[in-house]
Amino acid sequence: MNKKSWVYLGIGTILAIGGWLIYRNNRNNKIDATPVPYDEAIKKIEDL
Amino acid sequence: MYGIATYNASKAFIKSYGVGVANAIKGTQLYFPAVMAQSALESGYGKNIPTGSNNFGGIKYAPGLPGVIGYVSADTTEWKNGKPYKTIQKFSKFKDVESGFKAHIQVLLADRYKNARLKATSPEQQILMIAQAGYTTGTAKEYLDAMKGIIEAMRDISKLGRIS
């Protein structure tokens, strides 16, 4: 790969990791803020 | 962040004890990942509890707690003036696993942890507030740091926060 390709690959990797971290943070905030009804919680655990 | 070993151990721990913990924390405002992570850390995922004690919360001997049938003496690390030291302590011995978990939850339902239950907005914050309220003899930050990865794993696996 030439230098330009490496730069694009680096930028792409940073964007992918950044996007994943933002997605994960939003998902965690939603989980933390939303109480789960008991029956649904038990089903989630039993389905593991 | 956490490794694959933490993920696997956390998943197995939830499969073994998750339903019991969910039953006990329903409607209490305690976060499922916080209680599971605390139990996992204090007990070494159930492998390092004082022999025969069924004590998953590292609960010191408290004869008044329901299910306590005596105590076991075990080596433990305590903290004084910011420094760890090894000592032997009496830990509560419970009649069965369920009683051990119930007692752990009952300790967390005490008035001293009310703010942690009601005001925390994440399991991480709840553990920090529980530690600040006196659960551990070490610093609250160290207690949380020891548990952060396990909390993340428990949340990622269960997709649960509070249970209503």
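The values are calculated or read from the model by the stated rules, or taken from the named source; none is laboratory data. These numbers were taken from a predicted model, which means no experiment stands behind them. Don't worry about glycine lacking a Cβ; one is built from the backbone with ideal geometry, like all the others, and counts go over all protein chains shown.
Residue-level check: of (1) under 22 Å from residue B:163 (Cα atoms); (2) within 13 Å of chain A (Cβ to nearest Cβ); (3) at pLDDT 90 or above, residue B:24 misses just (3). Scoring residue B:161 on the criteria (1) buried (at least 20 other Cβ atoms within 10 Å of the Cβ); (2) modelled with pLDDT under 90 leaves a single failure, condition (2). Does any residue of the stretch B:141-148 turn out to be within 14 Å of another protein chain (Cβ to nearest Cβ), closer than 18 Å to residue A:28 by Cβ and in a helix (DSSP H, G or I)? The answer is yes; a qualifying residue exists.
Conditions tested, residue by residue: (1) surrounded by fewer than 23 Cβ atoms within 10 Å (Cβ to Cβ); (2) part of a loop (DSSP other than H, G, I, E, B); (3) among the charged types (D, E, K, R).
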site	(1), (2), (3)
B:15	yes, no, yes
B:20	yes, no, no
B:23	yes, no, no
B:28	yes, yes, no
B:33	no, no, no
B:39	no, no, no
B:45	yes, yes, no
B:50	yes, yes, no
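Scanning the stretch B:118-148 for residues that are in contact with a Phe, Trp or Tyr (Cβ under 9 Å, 6 or more places away or on another chain) and among the hydroxyl-bearing types (Ser, Thr, Tyr), we see that the one that is modelled with the highest pLDDT is B:122. Of the numbered criteria (1) over 15 Å from the mean Cα position of the chain (by Cα); (2) over 19 Å from residue B:155 (Cα atoms), the one residue A:47 fails is (2).
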